Structure formats: C-alpha cells, structure tokens
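Right, one structure below, let's go through it.
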Amino acid sequence: MSEILQAIFTIVVTIFITNMGIALYGVFSRPSLIKKTISLVLFTDSINIIAISIGFRVLEEGYPKPPILPKIPETPAELEYFVQVSVDPLLQALVLTAIVIGFAINMFIIGLVKIYYRHYGTTDIRVSLEEGKHEKNN
Amino acid sequence: MIIIGLLPIYLLISATLIVLLKLILKKEVIVDLIAIILGFISLVATFYTMFLTMKHGIIIYRFGGFPPPLGIVYVVDKVSAVLSMLVSFSLIIAIVYSIWILLPKWRYLFYSLAFLLIAGVIGCLYTGDIFNFFVSLELLAISSYALTAFYRGSSKAIRAAVIYAITGSIATSLYLLASFLIYASYGTLNMADVALKARDPGYIVAFSGKVYGDVALPTIIAMILILWTMLFKSGIIPNHFWLLDVYSESPTPAVALFTSTADMIGVYGISRFFLTVFGEGILIEYFRSLLFNVALLIASVSALASALLVVTQTNIRRLIAYSTISQLSLAFMGALTGVPEGISGAMLHLITNGLGDMLMLYSAGIAIISCGKDLSCLSTLRSNIIAYTAFVIGSLNLFGIFPLLPGFWSKALLTLGFLKAGLFWGIIVVLVSSGLCAAGYFKAIGAIFKLKRNPFITISTTIPAIVLATLMFFALTLGILMTLNGYFREFVIQWGYDMIDYKRYIVITLNLTI
Amino acid sequence: MSFLKSIVATTVEIVTVIYLITAIIYLFRIVRGPTIFDRILAVDALNYNLTVFMALLALYLEIPMIALGMIVVSLWLYALDIYVSKYIEFKEIGE
Amino acid sequence: MNMVNLIIILGLVMITIGAFFEAIGALGVLRLKGFFNRIHAVTTSAIGGAALPLLGVALVSAFAPWMIPQGYYLAGICLTATILILLLAPAGAHALARSAYLCKNIRKKFIYDDLVEHLKERRR
Amino acid sequence: MFLPAIILLIFAFLSIVVTYLAIVERDMLVAAIFMAFQGVCYAIIYYVLMAPDVTLAYIPISSGLTPILILIVLKKTERVER
Amino acid sequence: MKKKDIVIAVSLAIMVIAISSALYAGGIIIITPPYKVRDLAKNFLRYSYNPWNGKLTSYALNVVSAIIWDYRGLDTVLETAVLYSAVIGITVLFRGIVEIRGLKHRGLSLLVKMPSRIVIPLIIAVGISLAVHGHLTPGGGFQAGAVATVTPALIITIFSIEALYVLKLRIQKLFLMRTIAFIGILMISISLFLYSLMSLTNAYVLQNMIREHSNISMPHWFIDVPLAGSVFLYNILEFFTVFAGLTYVFIVYSMRRKEVENMWEEVETYE
C-alpha cells in the first residue's frame, strides 16, 4: 500500500512547488498591491506546506501518528514505539513559527497599503512608479 | 559567557520598557534619558563580549542548557563581536541624534523600533543556527520596514516602505525555503553541524546522526537562494531598487541605522555561510568556486555602476545611498576572495562604511533640516565648523586616501586580499570605484564651500555637534590605532583567519575531541 | 469484532470517496459561479466537508487526538458569509 | 454486546445517509439555476450532509470497543461540532441570502418578488 | 492506506486550480474568496499530513483573520484591479 | 510589459524545476517518502517526555510545544518580538488615532446576532482551554491567541466596532496589555537565571528543567498533571500577547472614516 502513497506523494509535492511558482509570478507581475499581498500569502503558505511534506513519513504497516504522546508513557518501550511511528515534530514547530511571522508581515503590509491609498488614491503600484520617474527627470 | 545569552533578551526588554514607561509616565525627558542609559548598557555588554572573545577565541552560549544540535547556540568570534560593538554604538548615536530631529510625542516608537532592529541584528551576528538566523532576519526586516514608514505623511516614504516590505518578505521567504532544504538533506539546523557534514557526510554527530539522502543538489539550490537573499539585503545592484527610496525618505537616524547595521548583515551573512558553513573543502567545491566567480562579477559590476551613478546625483541622500551600494559591493568582493586579508578587509570596510556614512548623514541632516535635500543646500553647513569638518572627514574616510582614517586601511587590506587571491582586476575595480566615488564626494564638498545664498541654521545644533564630535573621535582613533599600533593591525587581520577557520568553529561549537 | 471494524472501515472509505467527488463539484461551482455569492456557497460547502473529513479520518485512523481542529473549524463556519454580506450591505466594515 | 453492535450499525447508517444527502446537495449545487435555488441545496447538504454524519461518527466512536480509551473524546468533539453547525449554518445562510437579495442584479431575474413592497416601505 | 493518499491528491489538485484563479482574477473580492478556498484545502492537507498543531494555527489565520483583513482594506480602497 | 511577464514566468518555471529536482535527486521525499524520520527529530520525540533521562527532558506530552518553548525557545521569543514589532509598526503608521464613541451603528440582522451571542463566549473558552493544556494536547499559546482573536473580528462585523468599545476594549489598554504580557514572557525566560544569582548556583537563559551543570528547575508536576514548567506559563502569556496585539490591530484597521481623520489633523514636520 505504501507504494501507492509514495507515487501519489510525488505528484502532490510537485503541485505544491508549482503553486509556489504561480504565487511568486503573481507577486511580480500583478500591479495591484492588494493582489500582491494575496499572492504573498499564497506563496508563504506553499513554502510552509512543502516543509510539512518534507517532515512526513510512511510506515511499513499502518499510518504514521502525530507527534503528540497520547498518554504519559509508563515504560521506555512504550516511548520507543511512539518514536518509531511518529512524524517529524521539528519541521512542524518551525512551520508554526513561520506562519506567525508571515501573518505579522501581512498585517503590516495591509496597514501600509491603507496609507498608500490615502496618498495616491489608488492601490496600483504603477501610478507611484510613474510619478517617481517624472520627478527624476525634473 | 552568560552575557551573550542575556543580550538579545535584554534588548527586547528595553524595547518594551521604553513603551511601558512612556505609556505610564507620559514624560518625554525621562524616556529619552532611559533610552540612552539602556543603549549605553548594551554598548558596555558588547564591549565586554569583545574582551571575552579576545581572551578565549570563540565563545559559545547554549540556550536552555541544551547541547548544540538539540538546542540553539550563540557562537561569537572576533568578527561578530566587533561588528556587534559597531551596532550598539550606532544605536546609542541614533538615539541621541533622534532627540534633536524627531517630534517628542512619537519619539518612543522610534526608540522601541531601533532596539528591536538592533536585537535582530545582534541575533543575526551571534547566532549559530540557520533557522534562528531567519527569525532574527525577519525581526530586523520588519522593524526596518516600520522605520522606513516613520514619516507617514510623505507619500514617497510610504511608497519606499511598500516596495521594501513586499520584496523583502519574498527574499526572507526564499531564505526560509533554503533553510528547510538544508534541514531536509542534512537533518540538522546547527551551522557547525552543517559545516561538518558538508565536508564529511559520513560523520556521525551526537543527536543528529548522519546526513539524510544525497546532499549535493539541495546544497546547490540552498546556496543560490541564500546568495540571492543576502545580495538583496545589501542592495547589490540588480537588487538595489528598494534601497534608494528607503535611504532618501526615511528619518536621518533611521538611515544611519540601516547603513551601519541592517545592510551589513548581507555581507556578514554571505561570509558566514560561504566561508565558514559552506566554506573551503566542501564536497561540491567546483560549484562553490563557480558561484563565487558569478557573485564576484555581479559585485564588481555593481561597484562600478553605482560609483558612476554617485557622480550624477544631485540629492544628498541618494548620493550617500549609491556610495553605500558601492562600498558594500567592494566589501562583498573582499569577502568572496576567500583570502584572510580580503575577508578582514571586507569586515573593516563594513565598519568604515558605517562610520563614514554616519558622519556624512548626520552632518547632512543639519543641512536637510534647515534647507532641503538638494546638494546646494549643503552650503548652510559653512556656518558650523564641526558639521563641515565631520562631512569632510566622513567623505575622506570613504574615499580611503588619508592614512589616519580607517578607510585607507580597509581599502589597503582589500587590495592586499585581491593580490593574494590573484584577482588583479579586483584592484582595478577598487581603484576606479573609489576614484569615481571621490568625484561625487568632492562635488558635495565643493557645494559646501561654494559662495551662494547662505540661509543660516536657526535651531540650536548642540546635540548634533556632540554626536559628530564623538563619531569623529572614534573614526580618528581607529585610524590612528591602525596606523601606529602593529598589534592592532594583527588583530584586524586575525578576523579573516577566524572566519575561514572552520575546524576550530566546528570543534568548539559541537564540543568534539579531535 | 474485527468484522465490525472492517465494515466501519469500508463504509468510511466509500463515504469519503463520495465526499471527495462533491468537493470536486464545489470546485466547479467556485470556478464557474456567476456571482460572488455562488462562490461563497462553494467555500461554505467545502468547510462543512472539512469537518466531516476530520471526523471520518480520526475514526478511520483511530487517532481521536487530532480531531480537536474540528471544533475550531465549526466555530466560525459562517465567518466568510458574514464578512462578505457586511461588505456588500454596508458602507464600512466597522459600522 | 449485541446492543453495542446495533448502535454502531446505526451510526454507520447515519453516516451513509449523510453521504446520500451530501451527494444530492452537490448535485443541486451543480445543476440548479439561480443563487437562491443553490443556497437551498447547500443548506440541505450542510444539515443533512455534515450534522448527520458527525452524529454518526460520535455514536460509532463512543461505542466502538477498539476506540475505548479515547473514543469519548472524539464523540464529545463531534457532538459539539454538530451543535455548532446546527446553530451557525442557518445564520450564515441567512446573512448571505439577505445581502444577495439586496443586490439588484440578482433580483432582476426573479419571476415574482414578495418582498418588493416591504423594501419600498422600509426605504420610506 | 489509500484513503489519505487520495484525499491528498484531490485537495492538492483543487489548491493548484484555485491558486491559479486567485492570481489571474481581476475582482479582488473574488480573489480573496479563492484564497479562503485554498486555505480550506491546505488545512485538510496539514491534517492529513499529521500536523494537528499547524492545523490549529492555520485555520484561524486562513479562514478567520486574513479574509477580514483583506476585506477591510478592500472596503477602504478599491475593489477591481485595472 | 508582456515580454517582462514571459521572462518572469520562464525563470520561475526554471526555479520550480530546480527545487523539485533538488528534492527528487536528494531522495528526500519524492521518490520515497522516508520510512524513518531524521535522527534529530527522533531525539526530540524521545526526550520530550522522558522521566528516565532527566537532563534533557521538558515533561511536555506535546512534542511540538516542547520544541517551540523549550528546545528552541529563543526562536519563539524572537517570533513574539516580530509580532510586537509589527504592532509597533502599525502604531507608527496610525499614530494619533482616537476612538469616537456614539457614531451611528446598526450591525447585521437579528438572526445573525442571536447565534453569535452564544458562539462568541464559546470561542474565547476554546481559546483559553487550548492555551491551558497546550503542553498536553494539540494547541499552545499562539493557536489559542489566534482562535480567540476571531471574536473581535466577528464582533466588528456582526455588531459593529461600537460593541468593542462598550466591552471596554480600548486601543490604549490593549497596547499596554500587549507590552506587559511580552515583558512577562521575557522575565520568565530569565527568571531561573535571576533566581540562580540569588541562590549562587548555575542556570541558563530560557532554562526550564534540570540540565547539565544546573540543579534548579521550574515546577513540573501539579498534583498528578504534568505541568511542563515554563511551557505552561509561556503558553498563557503568549495567549495574552497574541490576543491583545491582534485585537489592537483589528480595532485600528476597522475604524470608521471620522475616527481615521483624527490622526491626520496634527501637522507633523518632516525633513
């Protein structure tokens, strides 16, 4: 059974990486700042989900367990069984940190966009860039 | 050793304490005083750290008492200790200067952001962990976005902050991806551990075991991503689009903080990653040398192009921005030679660039306040002897022709490094770019002494005078020390040896016995 | 006992496949949906599916621990609905 | 023992009926024309296709012998989620339908509109 | 264990379609809705990949907090991208 | 413009292929999802709750929580600082904004308001419970805070922002609460060190349990519930920091036009 999981996993991870590429394309090519922010959210999410899939594993039999002890272990053997069946906890912790940081940055960028709109009357980045070129020529 | 562990926590506490005191006491004077005292304590702490590194070589601190691959460690060698001294020094200078230039009501926000920025920078300098480097990088990035947008009423400042924030978060996200790739293939996040396994994949380290899968291709991708992030952070020319607006629209102390702390992290990071971690003797040596050549090419083109652009500028801030790009590119080239002299030249050049830029920015700040950002406005400085002396000394320092200033020594060391590495065109790049930059600086100095309508400075300039005098004193002291004291020169050259001595780094960090 | 267990497993598998097919149908609706409201309907329906998937998987894999996310999902199933309806009806979100 | 088996079978039946409802609802979302017809289908699939199977899962996990130590945990979560869905799905659907009704483009296609008079009165 | 694998495959497929649409769409309100849809897909993928902690952090952020942030800023600025 | 788009698309495609081949050739996931986890992760799983190895354990059943707050505690402290930095940045952008009470408000219809009145206390309760046993079950400080922050978002949309003012959630107070809770986290991280200064023993920054060369520890049992020492305290305080910080941001963002105009009244002089 695990061969099927492996074959499907190949496709799935490739899809995540493609997602990342599409989102990065959105950040670079779309003019609207809000669209850029949305693309940025999708981009960081895709990176995080790639990390989680790096930390995944398969077992010979059955399905892996989450990295949480179901109850207080009474013998070392019980603990060792848990170690043998659980997925990677470190990447989950790192991704948790990355999610929080990504949200903080998106929050701040959205505030910037609100102020930007007050100055330029639009959320289009091209307007302000055109204005900048005009200034330089003078 | 506890001092390194306490330093980031201390900086964060002071960042919050300032806000708390302002909200409770509502008196600006006390907050200013306390901010200066807190900054001074951090300066003392970093000074003590440097003293410790001179005594012990490399010092490490284990957070939470966990052994390295399991927990996070801070590894401080001479380079990071010296750079952290520069960082806390520029913090205290920026605080003092901002008392003069910023509105009293909102000054505490600036202090808090500055402390957070410095906490991020010191985290980047000290850390021995790849993911912790990312978190510190984000901390310094988000506080610099906020500092850029400090003048929220100016539309150009907001535009600069928006562009900086969006592109900067892409860069840091790519670094995040690189760190995940490194963890995926090496099975560890500790820099020393990665450095060991990049040389000897079969080595079994306590707690993290052997490498996981084939390391070659993931390492290549991770190196490219890290290189791009660091090039972005330092604003080397294809990635300089954010830097100009940021430098010309932010408050003066914020720009000084960027130039002396945040932007040098790119050069420091590249030397830490490509000289210590993925340094000499890694398995994909051929790719490393290829990447180095490409990066050298980019950096030299950037140095020349930005030096050319320095000449054409009419805005004083933009002039300084292009000059910073040029100097940082030179430092990049020096770090990428891989020769100890070149590396210590690059690190000394970071300090030089920080001091020179601070001198120029702070003295130009007086002119900007009383007249404007145009070059002709510099003529207001003529009424104030300290201000124009500082400007002249700063530009001479960056020009690097005057042996009593550190700029001369850093450029000399860079040249020596290029000679040793056999990169003769590097010397030409250094000479040409310094000459071109000098043309720009002399244009600015000429603008000071050009007889023109002379609007007098109306406000008191005691505080900037004190700041500039301190900066001049430090720059001259450093230069005189370099000139007269052979031991000090030895100490500077030692930085480069420290940086490429990966064996000692690995052995001390992982506590191995070889 | 194992017979009963296998019946439960088979039922859950079949039911999950049906739910997956419906998820693809909702994708069709969110792509085609002429108005915004149709698209939100698809997101809503997918949210309901999400809770069911969580419950069924926790039953199927016998790990009840991870199903805690279900309660969190169901607490603001209607969040997007009310956000968008506020957006459409009112001049400001804070009104 | 027999009783337990019966209850588990009952739970499975509920799950299956829920899947049936969900299929019907999805078919409605696919084929029905107009927003108000589709929202009817979706609410059907919300109550029948989400609340009912959750109750079924709660029954199975509470009584299945192989889930004994932590089965109650899952059952409690499922019950709470069911209650919340029953509480919130109508509220969300109501808010959505109301704002959709206030959109003129959607109202244009109605054959007969009872609430027009009411709207006019409110405007005054 | 083919059930989790199939779920992974289908939701990854849904997420790539929705990501593409969210980038291409000009009406930003619709793009925000696509983003919420993608959030649901990723939440279930996190769940299937046995990361309950990440799921618990991701669901509030993706379906509760980010949409309202985007909608607030859309309401205060403009809705359609030119 | 079009040519630039094509260039971007092609370079991104190259990047996608490169990264996927990096994962592919490395044999990390794509061909074979691993049958065993990395050794470092294995050690985390082994030591997270391990009474047989007292020097490396943190007595937390949730391994992710243990890594976040104990093994890699510095990351999380800095991450909280990032969130704080974002909050300060938003304060910089919207400085001088003042709430005005008593503006016109009506909110959504009664049929939405009624269930929300029932659900909103439930959300807060779920959040607090996630924080309180974040070291035993899935959950933790940040998750709890994010869950609880959905309530202000819901209140703003359903009832209007005025309802938050009635609940006495003023921005000044929330900002203060955010700062104090963050100071609390920082003080807990150095509390054992301060204690060791008084009792003349050795202790580390961010220390939790007994470690090598250090004999003092946080309390790890409460009657018969594993408390995991500082992990529990960190979770509670992190809940407050996240809740207060994000609520502050939501209130500032969704203020009405009249309130926003306040902040532009004061003329600031720039360089």
Are there any pairs with C-beta distances below 6 angstrom linking a residue in the range A:47-72 that is under 16 Å from F:TYR49 (Cα atoms) to a residue that is open to solvent by 10 Å² or more (accessible area, probe 1.4 Å) and in a loop (DSSP other than H, G, I, E, B), with the two at least 6 apart or on different chains, and if so which? A:LEU69/F:LEU61
Restricting the range A:1-36 to residues that are open to solvent by 40 Å² or more (accessible area, probe 1.4 Å) and within 15 Å of the chain's Cα centre (by Cα), which is farthest from B:PHE241 (Cα to Cα)? A:THR14
Scan of the range C:15-36 for residues that are free of Cβ contacts under 8 Å to residues at least 12 places away in the same chain and not charged (D, E, K, R), ordered by number: C:VAL17, C:ILE18, C:LEU20, C:ILE21, C:ILE24, C:ILE25, C:PHE28, C:VAL31, C:GLY33, C:PRO34, C:THR35
Per-region count, the range F:55-68, residues over 15 Å from B:LEU70 (Cβ atoms) and more than 7 Å from every other protein chain (Cβ to nearest Cβ): 2
Please determine whether any residue of the range B:50-60 is within 14 Å of another protein chain (Cβ to nearest Cβ), within 30 Å of F:THR57 (Cβ to Cβ) and either of a type in the set (Lys, Arg) or in contact with a Gly (Cβ under 6 Å, 6 or more places away or on another chain) (or both). no
Here is a list of conditions, (1) at pLDDT below 90; (2) open to solvent by less than 10 Å² (accessible area, probe 1.4 Å); (3) out of contact with any Gly (no Cβ under 7 Å at 6 or more places or on another chain), and F:LEU169 meets all of them except one; can you say which number that is? (2)
List the pairs whose first member sits in the range F:102-118 and is within 22 Å of F:LYS168 (Cβ to Cβ), whose second member is among the small types (Gly, Ala, Ser), and whose Cβ atoms are under 6 Å apart, counting only residues at least 6 apart or on separate chains? F:HIS105/F:SER160; F:GLY107/F:SER160
Restricting the search to the range B:263-311, which residues are of a type in the set (Phe, Trp, Tyr) and in a helix (DSSP H, G or I)? B:TYR268, B:PHE273, B:PHE274, B:TYR286, B:PHE287, B:PHE292
Residue count for the range B:361-416, restricted to those that are of a type in the set (Phe, Trp, Tyr), within 25 Å of B:VAL429 (Cβ to Cβ) and in contact with a Pro (Cβ under 8 Å, 6 or more places away or on another chain): 1
Tally up the residues in the range B:246-266 that are charged (D, E, K, R) and surrounded by fewer than 24 Cβ atoms within 10 Å (Cβ to Cβ), please. 0
From the option list F:LEU186, F:LEU174, single residue qualifying as more than 10 Å from every other protein chain (Cβ to nearest Cβ), open to solvent by less than 10 Å² (accessible area, probe 1.4 Å) and either among the aliphatic types (A, V, I, L, M) or in a helix (DSSP H, G or I) (or both) is F:LEU174
Just to be sure before I move on: is B:ARG272 of a type in the set (D, E, K, R) and touching a Leu at 6+ places or on another chain (Cβ under 7 Å) in the structure I sent? no
Of the residues in the range B:206-242, those that are within 20 Å of B:ALA146 (Cα to Cα) and out of contact with any helix residue (DSSP H, G or I) (no Cβ under 6 Å at 6 or more places or on another chain) number 1
If I ask for residues that are of a type in the set (A, V, I, L, M, F, W, C) and more than 7 Å from chain B (Cβ to nearest Cβ), which ones from the range F:38-54 would you list? F:ALA41, F:PHE44, F:LEU45, F:TRP52
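Every residue, every condition in (1) assigned to a helix (DSSP H, G or I); (2) on the phi > 0 side of the Ramachandran plot; (3) among the polar types (S, T, N, Q), yes or no:
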position: F:ILE180; (1), (2), (3): yes, no, no
position: F:VAL205; (1), (2), (3): no, no, no
position: F:ILE216; (1), (2), (3): no, no, no
position: F:ASN235; (1), (2), (3): yes, no, yes
Only one of D:MET67, D:MET3, D:MET14 is within 26 Å of F:PRO138 (Cβ to Cβ) and either among the small types (Gly, Ala, Ser) or part of a helix (DSSP H, G or I) (or both); which? D:MET67
Would it be correct to say that D:ARG31 is in contact with an Asp or Glu (Cβ under 7 Å, 6 or more places away or on another chain) and either without any contact (Cβ under 8 Å) to a residue 40 or more places away in the chain or more than 9 Å from chain C (Cβ to nearest Cβ) (or both)? no
Filter pass, C:THR16 being open to solvent by less than 10 Å² (accessible area, probe 1.4 Å) and touching a Leu at 6+ places or on another chain (Cβ under 6 Å): yes
Answer yes or no: is there a residue in the range A:91-112 that is polar (S, T, N, Q), crowded, with 24+ Cβ neighbours inside 10 Å and closer than 17 Å to F:ARG38 by Cα. yes
Of all the residues that make up the range B:179-225, how many are in contact (Cβ under 8 Å) with a residue 12 or more places away in the chain, hydrophobic (A, V, I, L, M, F, W, C) and at the interface with another protein chain (Cβ under 10 Å from one of its Cβ atoms)? 14
Collect the residues in the range C:57-78 that are more than 8 Å from chain D (Cβ to nearest Cβ) and assigned to a helix (DSSP H, G or I), keeping them in residue-number order. C:LEU57, C:TYR60, C:LEU61, C:ILE66, C:GLY69, C:VAL72
Can you tell me which residue among D:ILE106, D:ILE83 is part of a helix (DSSP H, G or I), in contact with a Ser or Thr (Cβ under 9 Å, 6 or more places away or on another chain), in contact (Cβ under 8 Å) with a residue 40 or more places away in the chain and open to solvent by 20 Å² or more (accessible area, probe 1.4 Å)? D:ILE106
For the range F:101-125: of the residues being within 9 Å of chain D (Cβ to nearest Cβ) and of a type in the set (A, V, I, L, M, F, W, C), which is nearest to C:VAL84 (Cα to Cα)? F:LEU108
Kindly provide the set of residues from the range D:109-120 that are open to solvent by less than 100 Å² (accessible area, probe 1.4 Å) and of a type in the set (A, V, I, L, M, F, W, C), ordered by number. D:PHE110, D:LEU115, D:VAL116, D:LEU119
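A quick yes/no check of all residues on (1) open to solvent by less than 10 Å² (accessible area, probe 1.4 Å); (2) within 23 Å of the chain's Cα centre (by Cα):
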{"position": "F:PHE44", "(1), (2)": "yes, yes"}
{"position": "F:TYR47", "(1), (2)": "no, no"}
{"position": "F:THR57", "(1), (2)": "yes, no"}
{"position": "F:ASN62", "(1), (2)": "yes, yes"}
{"position": "F:ALA86", "(1), (2)": "yes, yes"}
{"position": "F:HIS105", "(1), (2)": "no, no"}
{"position": "F:GLY141", "(1), (2)": "yes, yes"}
With farther than 28 Å from D:ARG98 by Cβ, within 14 Å of chain B (Cβ to nearest Cβ), free of Cβ contacts under 8 Å to residues at least 60 places away in the same chain and in contact with an Asp or Glu (Cβ under 8 Å, 6 or more places away or on another chain) as the only criterion, which of F:VAL98, F:VAL82 stands out? F:VAL82
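The values are calculated or read from the model by the stated rules, or taken from the named source; none is laboratory data. Note that the structure is a prediction, hence the values are computed from the model and not measured. Every residue, glycine as well, gets a Cβ built from its backbone with ideal geometry; the counts of neighbours run over all protein chains shown. The protein model used for the area step is the full one, side chains on, heavy atoms only, and it has no ligands, DNA or RNA in it. Shrake-Rupley method; radii C 1.70, N 1.55, O 1.52, S 1.80 Å.
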